[in-house]
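Novice: Sharing a structure with you now.
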Amino acid sequence: MASQTLGPGGFYVECRNEGQLGTRFAIVAYDSHAKVYTSYYANSGGLVGVGTGTVDGNTWTWMVEDKYAGKSVKGRTTNTMLSPTEHTSKYEVADGKGGYTTIVEGKATKVGR
């Protein structure tokens, strides 16, 4: 289950996701000076992170730094909107050589209630 709520003043969105991997809470805001979205997040498994996101057409790209169990990992999350009810998602981690290794990818489809 996921929910998004516009924060007081309308300058940020609070996101809460609950699923098989636990609960994740995030705050997402647009930084008009840097012209990027900024996200701060944490999950119920102890991971905390920060990311900056850009939008190009129907693709959102987030450059993230996750911290978990005393380690820091840089990564990239890419979400492509295929339609109003469907998107693909991919999470990759930096390999230390300038490239990325895919950790997980998938496709999501909204179902009616």
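Each value in this text was obtained by applying a stated rule to the coordinates, not by laboratory testing. All of these numbers come straight from a predicted model, not from anything done at the bench. Glycine gets a Cβ as well: all are built from the backbone with ideal geometry, and neighbour counts include every protein chain shown.
Novice: Would you mind stating whether GLY51 is on the phi > 0 side of the Ramachandran plot and not aliphatic (A, V, I, L, M)? Steps first, answer last, please.
Specialist: On the way: on the phi > 0 side of the Ramachandran plot: no; not aliphatic (A, V, I, L, M): yes.
No, not satisfied.
Novice: On to the next question. Can you tell which of THR61, THR23, THR109, THR80 is surrounded by 14 or more Cβ atoms within 10 Å (Cβ to Cβ) and under 21 Å from MET1 (Cα atoms)? Quick ask: steps written out before the conclusion?
Specialist: Numbers: THR61 fails: under 21 Å from MET1 (Cα atoms); THR23 fails: surrounded by 14 or more Cβ atoms within 10 Å (Cβ to Cβ); THR109 fails: surrounded by 14 or more Cβ atoms within 10 Å (Cβ to Cβ).
Selected residue: THR80, the only one of THR61, THR23, THR109, THR80 that is surrounded by 14 or more Cβ atoms within 10 Å (Cβ to Cβ) and under 21 Å from MET1 (Cα atoms).
Novice: Mind listing whichever residues of region 6-23 are assigned to a strand (DSSP E or B), within 15 Å of SER39 (Cβ to Cβ) and of a type outside the set (A, V, I, L, M)?
Specialist: TYR12, GLU14, CYS15, ARG16, ASN17
Novice: Only one of TYR30, TYR37, TYR41 is hydroxyl-bearing (Ser, Thr, Tyr), over 22 Å from LYS67 (Cα atoms) and not in a loop (DSSP other than H, G, I, E, B); which? Before you say what the answer is, go through the steps one by one.
Specialist: Numbers: TYR37 fails: over 22 Å from LYS67 (Cα atoms); TYR41 fails: over 22 Å from LYS67 (Cα atoms).
From the options TYR30, TYR37, TYR41, the qualifying one is TYR30.
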